[in-house]
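FYI, it's all coordinate maths here, none of it is from the lab. Note that the structure is predicted; figures quoted are calculated from it, not measured.
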Amino acid sequence: MVAEGCDGAKRYALLLATEDSDYVKKMYGGYFKVFEEAFREEGQQWDLFRVVNGEFPEFERLQDYEGFVVSGSPHDAHGDQIWVRKLCFLLQALDAMHKKVLGICFGHQVLPLFLFLNLGDVDDFLLIASSAIVLA
């Protein structure tokens with residue numbers, strides 16, 4: 001099933017893991033606008049969830065989304081903050097639903113953590129990822 005908004009647009013969600021800095025607000029209108037400008041294509045609808053403030057998409061609405069982007073953050077991806085742990089559980093659910101997820105910086109670091117939630121201490125694991133970049 002392709003996730004579509006009320007107007008038939010594919011829906012994507014930004015899971016924002018940082019606060020908007022004064023500079024980014026002044027220059028770009030906030031990080032959401034930065035991400036929208038970078039990723040949004042015609043016919044897409046993007047929604048913002050400030051996960052750093054505990055704002056998460058409703059579980060019942062996850063199927064409405066084609067994909068998710070987890071932003072960067074100054075916070076520790078290996079930290080024990082409630083919102084980070086909740087984000088890991090959300091990522092676990094998205095993986096089970098075979099949803100597309102892009103992690104940037106912090107988001108890239110937190111993506112593999114949900115695999116280790118039931119294994120206890122993740123400090124014993126070395127997490128490495130590589131990505132191919134195609135320049136257009």
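Could you give the length gained by full extension between E58 and A93, i.e. 0.36 nm per residue of separation minus their alpha carbon distance, to one decimal place?
11.4 nm
Go through region 101-109 residue by residue and turn each phi into a ³J(HN,Hα) via Karplus (6.51, -1.76, 1.60, θ = phi - 60°); whole Hz please, and just put x for glycine and proline.
Each residue of region 101-109 in turn: 9, 10, x, 10, 6, 3, x, 5, 6 Hz.
Whole-Hz Karplus ³J(HN,Hα) for region 44-59, in order, using 6.51 cos²θ - 1.76 cosθ + 1.60 and θ = phi - 60°, x for Gly and Pro?
For region 44-59, the Karplus-derived couplings read 9, 10, 10, 10, 10, 10, 7, 5, 4, 9, x, 8, 10, x, 5, 4 Hz, x marking Gly and Pro.
Tell me which residues come under 5 Å, amide H to amide H, from G103 once H is placed; ignore anything under 5 positions away on its chain.
Correct list: V70.
So if I take the centroid of the Cα atoms in region 39-93 and the same for region 16-36, what is the distance between those two points in Å?
Cα centroid to Cα centroid, the span is 16 Å.
What residues have an amide H closer than 5 Å to that of W46, excluding those fewer than 5 places away on the same chain, when H is modeled at 1.01 Å from N in the peptide plane?
Those lying under 5 Å, H to H, from W46 are Y12.
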